[in-house]
Amino acid sequence: MKVVILCGGMGTRLREETEFKPKPMVEIGGRPILWHIMKIYAYHGYRDFVLCLGYRGEAIKEYFLNYEAMNNDFTISLGRRHLIEYHDAHAEQDFRVTLADTGQTAMTGARVKRVERYLEGDTFMVTYGDGVSNIDVSQLVAFHRSHGKLATISTMWPASRFGIVETDATGTVTSFVEKPKMQGRASAGFFVFDRRVLGYLSDDEDCVLEREPLEHLARDGQLVSYPHDGFFFAMDTYREYQRLSELWATGEAPWKVWP
């Protein structure tokens, strides 16, 4: 099953790191966050990826073109018989990665539509190139297959950005809850789609997956929520980048489900 990863956004709120590289290439523990996302899927047996490139997509192409040399010891023979012998076997031996230019300014729905020709089979997955989770992808896929609808969206309980203060009539604080869980679940960014979902998408630049396509699927009764109550974290700001880096550095990264 193909895993589509949206890698085309500009990451404007993380400008400290994305001035000269796309957000999926921002490194957590010396590896691009894109690598972490791919390792999550690979742990569950899904290793066939389609990357939707846009802003500074050449950096992602260069990363994978040079992957063998940068992750192995090797011997190179110079001259007309230019040969390279790799001496090690990194853990990503069976990854298959399709890198597709989906435009500089296209929105998420358009990007998925533009890689349609690379999506064989009846089912594919989609996620963003900036969010990590300990979601059980195998259970997510099994859940999708069990309900028979066209689309599954993973959901979580989001936390408020602020502490909640409750007071009595005199203004005396009766309770304080630091960043409580909010009412209503939010998207956790891990999707499973039947191929027929592509018919809900448009090649138009302004087609946003999370707007009309998903709203249309919901109106048709074809969108089902998969509740995820574990870890999920999207890296939108420099502060969030720092938090992920701290978790990795201290060995407390919940998304590291692989050995």
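The values are calculated or read from the model by the stated rules, or taken from the named source; none is laboratory data. Since we're looking at a predicted model, the values are computed, not measured. So basically every Cβ, Gly included, is an ideal-geometry build from the backbone, and we count neighbours across all protein chains shown.
What about GLY45, is it out of contact with any Gly (no Cβ under 8 Å at 6 or more places or on another chain), under 25 Å from GLU252 (Cβ atoms) and either free of Cβ contacts under 8 Å to residues at least 12 places away in the same chain or of a type in the set (Gly, Ala, Ser) (or both)?
Considered against the rule, which asks whether it is out of contact with any Gly (no Cβ under 8 Å at 6 or more places or on another chain), under 25 Å from GLU252 (Cβ atoms) and either free of Cβ contacts under 8 Å to residues at least 12 places away in the same chain or of a type in the set (Gly, Ala, Ser) (or both), GLY45 comes out as no.
Looking at (1) in contact with a helix residue (DSSP H, G or I) (Cβ under 6 Å, 6 or more places away or on another chain); (2) at positive phi; (3) not charged (D, E, K, R), which is the one condition that is false for LEU34?
(2)
(1) surrounded by 13 or more Cβ atoms within 10 Å (Cβ to Cβ); (2) not in a helix (DSSP H, G or I): which one isn't true of GLY251, the others all being true?
Among (1) surrounded by 13 or more Cβ atoms within 10 Å (Cβ to Cβ); (2) not in a helix (DSSP H, G or I), GLY251 violates only (1).
Going through region 217-231 one residue at a time, which ones are without any contact (Cβ under 8 Å) to a residue 40 or more places away in the chain and of a type in the set (S, T, N, Q)?
none
In this structure, is ALA59 in contact (Cβ under 8 Å) with a residue 40 or more places away in the chain and surrounded by 15 or more Cβ atoms within 10 Å (Cβ to Cβ)?
no
Restricting attention to region 37-46, does a residue exist that is crowded, with 19+ Cβ neighbours inside 10 Å and within 19 Å of LEU209 (Cα to Cα)?
No: zero hits.
Would you pick out the residues in region 200-223 that are surrounded by fewer than 19 Cβ atoms within 10 Å (Cβ to Cβ) and within 16 Å of ARG185 (Cα to Cα)?
GLU210, GLU215, ALA218
Take VAL112 and decide whether it is touching a residue at least 60 places away in the same chain (Cβ under 8 Å), surrounded by 11 or more Cβ atoms within 10 Å (Cβ to Cβ) and in contact with a strand residue (DSSP E or B) (Cβ under 9 Å, 6 or more places away or on another chain).
In short, yes.
Yes/no matrix, rows are residues, columns are (1) in contact (Cβ under 8 Å) with a residue 24 or more places away in the chain; (2) within 23 Å of LEU244 (Cα to Cα); (3) surrounded by fewer than 16 Cβ atoms within 10 Å (Cβ to Cβ):
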position	(1), (2), (3)
LEU65	no, no, yes
GLU68	no, no, yes
HIS82	no, no, yes
GLN93	no, no, yes
GLY121	yes, no, yes
HIS144	yes, no, no
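Filter region 77-100 for residues that are modelled with pLDDT of 90 or more and of a type in the set (Asp, Glu); which is farthest from the chain's Cα centre (by Cα)?
GLU85
With the condition kept exactly as written, say whether any residue in region 13-20 is of a type in the set (Phe, Trp, Tyr), at pLDDT 95 or above and out of contact with any helix residue (DSSP H, G or I) (no Cβ under 7 Å at 6 or more places or on another chain).
No, the conditions are met nowhere in region 13-20.
Filter region 57-109 down to residues that are closer than 16 Å to LEU6 by Cβ, aliphatic (A, V, I, L, M) and assigned to a loop (DSSP other than H, G, I, E, B), then give me how many there are.
Residues flagged as closer than 16 Å to LEU6 by Cβ, aliphatic (A, V, I, L, M) and assigned to a loop (DSSP other than H, G, I, E, B) within region 57-109 amount to 2.
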